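Input: a single structure, listed below in structure tokens.
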Amino acid sequence: MKNTLHVEVLLKTEKAVDISELEESINLELKKIKPIIPESTHTTFITDGLADCIKSIQICEVENLQEDDNHERMINYELPEGKSLDLDAYTVQIYFYKLDDSGLVDDDTTDESTCKMRRCILPNVDFCGIWDSLVYQEPVKEILLNYAQTGMNFARHNVNTNIISYNRLILLHGLPGTGKTSICKALAQKLSIRLSKQYSFFEFIEINSHNLLSKYFSESGSLVMSMFQQIKNVLEYGDSLVFILIDEVESLTRARDAVLSGTEPSDSIRVVNAVLTQLDNLRKYPNVIFLTTSNVTEAIDSAFTDRADIKMLINPPQEMAIYTILKAAIEELIKVGLIINVEKNDKFDRLPNSNAEEIEDKSTTQKLYEISKESVGLSGRVLKKITFIAHSIFIRKPQCDGVHQFLCALQKAIKYQKTQDAGINKVK
Ligand SMILES: Nc1ncnc2c1ncn2[C@@H]1O[C@H](COP(=O)(O)OP(=O)(O)OP(=O)(O)O)[C@@H](O)[C@H]1O
């Protein structure tokens, strides 16, 4: 059995295309692209006419069906630098999609002051690129994608949930800024691309449970009911798949506990119960996936969260993932011309050699790897802005002169950030 290479093709919105004809042209194009490297995007094309109807071809992951010694599926990082995949050895799976450009917006069917839900059509321009920008040492993204695809497959085959239990409910928990909300959005986007043949319409709905249960909102139980009615309308609309993101899910469970212990005022009890019952009712629809997040890192024990099929602790990035995040940021600064006078040897390998500590004249790759090790403990959110801090505080010129100067500034920025964080933690 051949391994599968997943390829995503972004279509131009304005152009109507014959997908089977286009699939042939893409297969032709793939034969001409040299080298074929997983996780690379092509925006210029050799085959005539392709540029008229598509924006990009993204070579995604290889689904490796062989197992390693630990009986875990391998992911595709083993391709040596500069080597190309041999297409004949793979089953190429092509997905076509268009992007909705209206963005994630407040729901305008409720009045502005009470609006507690945001929604958008998927795949959406706002969620573009998030999947690729998230880097984890563990195969977090692969596990979630496989899990969600399996859940939807079971649902479409009407597997009896009394015999095999699955709730299509994912719970991601971990420290703030570790990318939980981002993965949820990215997963919804990815699934809307990958499952486009199974469903004709995808929608993403974001509910902030903390806001939902706030005193102000709870004054009107009817608003809660009308919000859930709208969600039900979407779920009942044709062949749709709906993603419901509930951030800070712990506020729901705390509310339930407060209701049970009788510490909530009586009108809040009504609303809390209504929310929980409505959420339970929504779960009966086979075309909904709940994506929930929580900053509570210890075991979350409650009636709602116990229904999660997958509870995953999302850790702050470790050195290899940090290396990839910082590498992407530096390459961006080089690309846009904010780091100049870049020398030929100033390039960063895809992955550093973690055993090369003894080399005296260190390459830019190894220097960045050292900085990455010093950065362990910083959240993904901080790492995303650390190159900006380095530029603004330690370069203080419009352009940085050379990669080495930038790496020195980056190292100082990381020390600076850690001292700042330590100060804040002390005050807390
Ligand atoms: N592992 C990571 N790789 C790349 N970027 C990351 C990573 N973790 C976090 N980020 C970035 O940090 C920012 C914050 O992420 P996000 O809001 O999803 O985190 P969160 O865990 O939901 O935080 P919170 O609990 O505070 O809401 C985003 O820009 C995200 O892309």
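No lab work stands behind these numbers, since they all come straight from the coordinates. The structure presented is a predicted model; accordingly, all values stated were derived computationally and were not measured. Every residue, glycine among them, receives a Cβ derived from its backbone with ideal geometry; neighbour counts consider all protein chains shown.
Amide H to amide H under 5 Å from residue 46: which residues, 5+ apart in sequence or cross-chain, H placed 1.01 Å off N in plane?
Here the answer is none, since no amide H 5 or more places off falls under 5 Å of that of residue 46.
If you stretched the chain out fully between residue 283 and residue 208, how much longer would it get, using 0.36 nm times the residue separation minus the C-alpha to C-alpha distance?
Result: 25.2 nm gained on full extension.
Determine the shape class of region 120-162: with a ≥ b ≥ c the square roots of the Cα gyration tensor eigenvalues, call it rounded for a/c under 1.5, and otherwise prolate if a/b is greater than b/c, oblate otherwise.
oblate
Under a crude label model (7 Å from the Cα following the beta-carbon direction), how far is residue 225 from residue 56 in nanometres?
Using points 7 Å along Cα→Cβ, the separation is 4.6 nm.
Please state, as a whole number in µm²/s, the translational diffusion coefficient that the Stokes-Einstein equation yields for region 319-426 at 25 °C and 0.890 mPa s, with Rh defined as the Kirkwood radius across alpha carbon pairs.
Value of D from the Cα-based Kirkwood radius: 174 µm²/s.
Among the lysines, which have Cα under 18 Å from the Cα of residue 185 when same-chain residues fewer than 8 positions away are ignored?
98, 116, 141, 311, 384
Checking the table 31/197; 2/34; 12/284; 2/190; 2/180; 347/397 against a 29 Å threshold on Cα-Cα, which pairs fail?
Over 29 Å apart, Cα to Cα: 12/284; 2/180.
Between residue 167 and residue 84, what's the calculated FRET efficiency when r is the beta-carbon distance and R0 is 45 Å? Round to 0.05.
0.60
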